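For reference, the structure is listed below as structure tokens.
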Amino acid sequence: MLLAYVLGSIAGGLGMQLGIGGLIELLYYRRRRQEPEAWKCQPKRFPSAENRRSEVILGAANMTVASILSGFFAYGVASGKLKTTIYFGVGPGILASLGLTLAYFLLTDLGLYAAHRFLHRPTLFRYIHRWHHKYTAPTPFTAAAMHPIEFFTYQSIMAVPLFLLPIPLPGLIFVLLYQNYVALIDHSGVRFQSWWPWQPPTQFHDDHHVYFHVNYGQNLGLWDRLFGTWRRHGRKYGVGVFGGRGETVAGARDHSFVDYGRNAPARGVVTPSAVAASTSERAAS
Ligand SMILES: [Zn+2]
Ligand SMILES: [Zn+2]
């Protein structure tokens with residue numbers, strides 16, 4: 001019985017990663033490789049063969065270990081051996097269940113933002129989060145390619161509220177699948193617009209891999225807007241510019257938030273000096 005939960009969890013985790021990743025690989029990176037200007041967030045930059053190999057191996061290893069732990073967790077909950085605040089029936093009613101699901105989503109998304117931002121502090125960035133930022137032209141396989149400590153931190157943020165906040169099982173499954181899907185799509189390297197007004201397009205997180213210390217949000221753009229870490233005009237960013245707000249460019253007057261909407265220019269057209277700066281610093285390190 002326990003084995004069924006563990007194997008099912010591994011199949012689900014790796015299946016989603018390889019299924020969505022494989023589909024994007026086939027439809028864009030293979031079939032449309034000759035026309036990157038038409039679809040790629042960074043048309044001039046493709047990952048090296050070595051980075052592609054390492055991100056697939058590291059991502060799959062993280063996902064497998066996390067799935068095994070999730071399998072144990074799910075078995076514990078289903079068998080009643082692990083006492084959580086997850087409920088299975090109608091609980092306090094449909095409206096309250098929707099509200100609790102929303103609360104879980106908001107709380108964990110804020111937690112993911114805070115943890116990610118914290119990992120951008122110089123020492124933690126250097127020893128832990130840098131593993132993920134090695135991939136400056138992300139692909140879906142970059143989503144789980146990170147230091148195991150970082151992966152475990154994010155998993156814990158999703159798990160801790162399950163001991164504190166009542167949450168309906170379908171709501172929990174929905175949030176986990178939605179967050180996992182967004183992580184994969186946000187790393188796709190493909191210019192996808194968001195269907196939802198609360199979720200920025202893929203260029204937003206792709207820029208995080210280009211500019212480093214900015215645009216920390218996992219799903220909601222709200223936290224970066226609220227805490228001033230959304231990328232701005234008139235600022236210089238790069239691997240050595242810590243703090244999330246960039247450095248003011250001398251003489252720049254416009255410090256408004258960068259627009260990632262439908263009419264925003266594609267990366268191939270705009271080549272900010274910050275990209276060149278961050279690239280040369282990266283090459284030097
Ligand atoms: Zn980061
Ligand atoms: Zn990333």
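Every listed requirement among (1) within 15 Å of ligand 2 (Cβ to nearest atom); (2) under 19 Å from Y113 (Cβ atoms) is met by A159 save one, (1).
Can you confirm whether segment 96-116 contains a residue that is among the aromatic types (F, W, Y) and more than 24 Å from the chain's Cα centre (by Cα)? No, that holds for no residue. For segment 146-164, state whether one or more residues are within 16 Å of ligand 1 (Cβ to nearest atom), closer than 19 Å to A74 by Cβ and aliphatic (A, V, I, L, M). Yes, there is a match, as at least one residue in segment 146-164 is within 16 Å of ligand 1 (Cβ to nearest atom), closer than 19 Å to A74 by Cβ and aliphatic (A, V, I, L, M). Just one of (1) more than 26 Å from V90 (Cα to Cα); (2) in contact (Cβ under 8 Å) with a residue 40 or more places away in the chain fails for L172. It is (1). Is it the case, given these coordinates, that F105 is more than 16 Å from ligand 2 (Cβ to nearest atom), in contact (Cβ under 8 Å) with a residue 60 or more places away in the chain and in contact with a Leu (Cβ under 6 Å, 6 or more places away or on another chain)? When the stated conditions are applied, F105 does not pass them. When we screen L177, L222, L162 for residues that are surrounded by fewer than 22 Cβ atoms within 10 Å (Cβ to Cβ), touching a strand residue (DSSP E or B) at 6+ places or on another chain (Cβ under 9 Å) and more than 25 Å from P47 (Cβ to Cβ), the only hit is L162. Of the set (1) within 23 Å of W198 (Cβ to Cβ); (2) away from ligand 2 (no atom under 16 Å from the Cβ); (3) surrounded by 15 or more Cβ atoms within 10 Å (Cβ to Cβ), all apply to Y75 but (1). When L177, L165, L172 are screened for being among the hydrophobic types (A, V, I, L, M, F, W, C), more than 14 Å from ligand 2 (Cβ to nearest atom) and out of contact with any Phe, Trp or Tyr (no Cβ under 9 Å at 6 or more places or on another chain), only L177 passes.
Could we say that Y113 is of a type in the set (F, W, Y) and more than 16 Å from ligand 2 (Cβ to nearest atom) here? Answer is no for this residue.
Being under 21 Å from L184 (Cβ atoms), more than 11 Å from ligand 1 (Cβ to nearest atom) and modelled with pLDDT of 95 or more, is that true of even one residue in segment 226-236? No, every residue in segment 226-236 fails to be under 21 Å from L184 (Cβ atoms), more than 11 Å from ligand 1 (Cβ to nearest atom) and modelled with pLDDT of 95 or more. Given the conditions (1) within 16 Å of ligand 2 (Cβ to nearest atom); (2) over 24 Å from T202 (Cβ atoms), and given that G99 satisfies all but one, which numbered condition is not satisfied? Of everything listed in (1) within 16 Å of ligand 2 (Cβ to nearest atom); (2) over 24 Å from T202 (Cβ atoms), G99 misses just condition (1).
In this structure, does R235 turn out to be among the basic types (K, R), surrounded by fewer than 21 Cβ atoms within 10 Å (Cβ to Cβ) and under 25 Å from R130 (Cβ atoms)? It is true that R235 is among the basic types (K, R), surrounded by fewer than 21 Cβ atoms within 10 Å (Cβ to Cβ) and under 25 Å from R130 (Cβ atoms). Applying the criterion of being away from ligand 2 (no atom under 14 Å from the Cβ) and hydroxyl-bearing (S, T, Y) to the residues of segment 180-214, the residue that is modelled with the highest pLDDT is Y181.
Inside segment 138-157, residues that are of a type in the set (A, V, I, L, M, F, W, C) and crowded, with 21+ Cβ neighbours inside 10 Å make up a count of 6.
The lone criterion from (1) closer than 24 Å to Q155 by Cβ; (2) under 18 Å from the mean Cα position of the chain (by Cα) left unmet by V65 is number (2). Taking the listed residues A11, A4, A49, the one that is under 16 Å from T136 (Cα atoms) and either touching a Phe, Trp or Tyr at 6+ places or on another chain (Cβ under 6 Å) or surrounded by fewer than 16 Cβ atoms within 10 Å (Cβ to Cβ) (or both) is A49, with no other qualifying.
Beta carbons closer than 8 Å, at least 6 apart along the sequence or on distinct chains, pair a first residue in segment 123-138 that is away from ligand 2 (no atom under 12 Å from the Cβ) with a second that is assigned to a helix (DSSP H, G or I) and modelled with pLDDT of 95 or more for L124/F118; F125/L119; F125/H133; I128/L119; I128/I149; I128/E150. Exactly one residue out of G228, G171, G221 is of a type in the set (G, A, S) and at positive phi: that is G228.
The values are calculated or read from the model by the stated rules, or taken from the named source; none is laboratory data. Because the structure is predicted, anything quoted here is derived from the model rather than measured. Please note: Cβ atoms are built from the backbone with ideal geometry, for glycine as well, and neighbour counts cover all protein chains shown.
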